[in-house]
Amino acid sequence: MPKGKVAVVTGAGKGIGADIAKELGRLGAKVVVVDIDLKSASDVAAGLAATGGEAFGAQANVADPVQVKGVFAAAVEKFGQVDILVNNAGITRDALLIRMREEDWDAVLAVNLKSAFLCTQEAARIMSKRRYGRIINISSVVGQMGNIGQANYCASKAGLIGLTYSNARELARRQVTVNAVAPGFIETDMTRALPEKVREELAAQIPLGTLGQVKDVTNAVVFLAGENSGYITGQVLAVNGGMYM
Ligand code: NAI
């Protein structure tokens with residue numbers, strides 16, 4: 001249970017990140033809802049506050065070191081500490097390799113991977129002093145398998161796994177755990193917009209036979225963010241219906 005803990009969740013204005021932020025808040029964590037879009041971050045935070053939780057929305061581009069520093073300074077100022085960091089913010093800029101533009105490579109690597117380096121660096125400074133921390137990086141099954149048209153995205157998500165291993169080794173002596181969650185195909189606006197035939201083809205690749213739900217990802221993150229996972233570090237928890245094993 002993350003009760004009383006302080007959680008920073010990036011990309012939490014909508015989608016999977018918003019669900020993680022809401023669930024951590026429901027379980028009693030104080031939540032810093034970080035998003036590049038202030039309105040959506042503030043709405044999620046206001047929703048938490050309306051149900052008796054403590055939360056605030058913070059606008060930041062998590063690929064920008066100055067803005068990231070600002071988020072963690074605000075978290076400490078408001079809540080005194082940071083115990084949980086969920087590096088969830090992510091974007092896609094898909095194209096076949098031979099057509100992929102350099103700026104699409106750079107943007108995806110910056111938002112998906114550099115952001116986790118920057119946020120973890122800030123969080124680690126705070127967590128190390130208190131000898132407690134839970135850091136969870138949201139990777140993807142395609143970081144483990146590859147995917148056509150997603151060289152930048154797959155490289156960023158595979159990079160997050162290497163970052164997880166390295167940070168887990170470095171921070172273990174401070175009792176800070178670092179793990180990754182690697183979702184498979186999850187029912188989101190993006191996948192709901194696909195034609196029924198494409199969705200059927202996707203489901204056919206999944207041993208459990210259906211796409212995952214946002215809740216499936218949230219449940220894995222909440223477990224890794226809680227007290228009962230203290231002896232787990234440097235792991236990649238796949239939430240993919242058996243699609244990759
Ligand atoms: P989404 O697109 O619904 O939400 C992403 C959020 O991140 C948005 O609120 C957006 O404003 C924010 N964001 C984007 N760039 C940002 C930046 N530079 N700084 C701060 N915030 C920024 O995404 P979704 O589907 O909820 O995915 C969340 C994470 O899960 C991503 O890392 C994604 O790669 C990963 N994932 C998603 C899967 C899926 O099926 N939806 C499958 C596997 C992994």
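The values are calculated or read from the model by the stated rules, or taken from the named source; none is laboratory data. Just so you know, these numbers come straight off a predicted model, no measurement behind them. Because the Cβ atoms are built from the backbone with ideal geometry, glycine has one as well, and the counts that use them run over all protein chains shown. These accessible areas exclude ligands, DNA and RNA; they are computed on the full protein's heavy atoms, side chains included. Shrake-Rupley method; radii C 1.70, N 1.55, O 1.52, S 1.80 Å.
Per the conditions (1) among the hydrophobic types (A, V, I, L, M, F, W, C); (2) open to solvent by less than 60 Å² (accessible area, probe 1.4 Å); (3) touching a residue at least 40 places away in the same chain (Cβ under 8 Å), the sole criterion not satisfied by Leu96 is (2).
A single entry from Ala49, Ala58, Ala41, Ala45 fulfils the requirement of being more than 9 Å from the ligand (Cβ to nearest atom), in a helix (DSSP H, G or I) and buried (at least 22 other Cβ atoms within 10 Å of the Cβ): Ala45.
For region 183-213, name all the residues that are assigned to a helix (DSSP H, G or I), open to solvent by less than 30 Å² (accessible area, probe 1.4 Å) and within 11 Å of the ligand (Cβ to nearest atom). If the condition is that a residue be assigned to a helix (DSSP H, G or I), open to solvent by less than 30 Å² (accessible area, probe 1.4 Å) and within 11 Å of the ligand (Cβ to nearest atom), then Thr191, Leu202 are the ones that fit.
If the condition is being more than 10 Å from the ligand (Cβ to nearest atom), among the hydrophobic types (A, V, I, L, M, F, W, C) and within 19 Å of the chain's Cα centre (by Cα), then region 84-112 contributes Ile84, Leu85, Leu109. Summed over region 214-231, residues that are open to solvent by 20 Å² or more (accessible area, probe 1.4 Å), away from the ligand (no atom under 14 Å from the Cβ) and either assigned to a helix (DSSP H, G or I) or within 10 Å of Arg134 (Cβ to Cβ) (or both) total 6.
In region 17-34, the qualifying residues are those that are within 16 Å of the ligand (Cβ to nearest atom) and buried (at least 24 other Cβ atoms within 10 Å of the Cβ), and the one that is farthest from Ala60 (Cα to Cα) is Leu24. Scanning region 76-101 for residues being in contact with a helix residue (DSSP H, G or I) (Cβ under 9 Å, 6 or more places away or on another chain) and closer than 19 Å to Ala155 by Cα gives a total of 12. Inspect region 142-158 for any residue being in contact with a Phe, Trp or Tyr (Cβ under 7 Å, 6 or more places away or on another chain), within 20 Å of Val32 (Cβ to Cβ) and among the β-branched types (Val, Ile, Thr) and give the result as yes or no. No, because not a single residue in region 142-158 is in contact with a Phe, Trp or Tyr (Cβ under 7 Å, 6 or more places away or on another chain), within 20 Å of Val32 (Cβ to Cβ) and among the β-branched types (Val, Ile, Thr).
Has region 168-189 got at least one residue that is of a type in the set (D, E, K, R), touching a helix residue (DSSP H, G or I) at 6+ places or on another chain (Cβ under 6 Å) and over 23 Å from Ala12 (Cβ atoms)? Yes, because at least one residue in region 168-189 is of a type in the set (D, E, K, R), touching a helix residue (DSSP H, G or I) at 6+ places or on another chain (Cβ under 6 Å) and over 23 Å from Ala12 (Cβ atoms).
Put simply, of Ala180, Ala168, Ala158, Ala124 the only residue that is part of a strand (DSSP E or B) and on the phi < 0 side of the Ramachandran plot is Ala180.
Pairs linking a residue in region 109-137 that is under 16 Å from Ala60 (Cβ atoms) to a residue that is basic (Lys, Arg), with Cβ atoms under 9 Å and 6 or more positions apart or on different chains, are Asn112/Lys157; Leu118/Lys69; Glu122/Lys69.
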